[in-house]
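Notes for the one structure printed next.
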Amino acid sequence: MTKTSDKVLCLENQLCFPLYACAKEVVRKYRKPLEELNLTYTQYIVMMALWQAGDLTEGEIGKCVHLDSGTLAPLLKRLEKQGMITRGRSEKDERKLVIKLTDEGQALKEKAKKVPAQMKGCLNLSDEEKAQLKKLLDKAMQGIGEE
């Protein structure tokens, strides 16, 4: 029998666990559509940031996609090796690494436009529920990491 004081450690009483499990499963479902683009999920979100904003520094990308430089640097090297981006020092501040899309990286955006439609049925939620969940998750993200 579980003691009342031990219930705080039960998985079914945790908010973090369904968030983790759901995120892991959604990312897993992205695998197949992203194989066609030759991208991992993390590379895909970095490419989306670049498609949206254009040239960004490594720090700006990290902030945008919530990745530290230890994770981001090797990912960017792989994208560069694949011919999707170039990495170069900023003319304004040589300490900053500027990431730019290559023509090939920019062209991949057209193929990537199919991915959201392929993922549409991934969550068993109505469009209204998805919008509500997105709003709640955005709210939850405010302040996280500002410790």
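Summary of computed values
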item	result
Residue match in the stretch 11-31 (condition: touching an Asp or Glu at 6+ places or on another chain (Cβ under 8 Å) and either of a type in the set (F, W, Y) or exposed (fewer than 15 other Cβ atoms within 10 Å of the Cβ) (or both))	no
Filter result (touching a Phe, Trp or Tyr at 6+ places or on another chain (Cβ under 7 Å) and closer than 16 Å to Q82 by Cα) within the stretch 6-36	L34
Answer residue from the stretch 95-108, given it is without any contact (Cβ under 8 Å) to a residue 60 or more places away in the chain and not in a strand (DSSP E or B) and is farthest from the chain's Cα centre (by Cα) among those	R95
Residue identified as surrounded by fewer than 10 Cβ atoms within 10 Å (Cβ to Cβ) and at pLDDT 95 or above among E80, E104, E91, E128	E128
Members of the stretch 43-91 that are touching a strand residue (DSSP E or B) at 6+ places or on another chain (Cβ under 9 Å) and in contact (Cβ under 8 Å) with a residue 60 or more places away in the chain	M47, W51
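The values are calculated or read from the model by the stated rules, or taken from the named source; none is laboratory data. The structure presented is a predicted model; accordingly, all values stated were derived computationally and were not measured. Cβ atoms come from the backbone with ideal geometry, glycine included; neighbour counts cover every protein chain shown.
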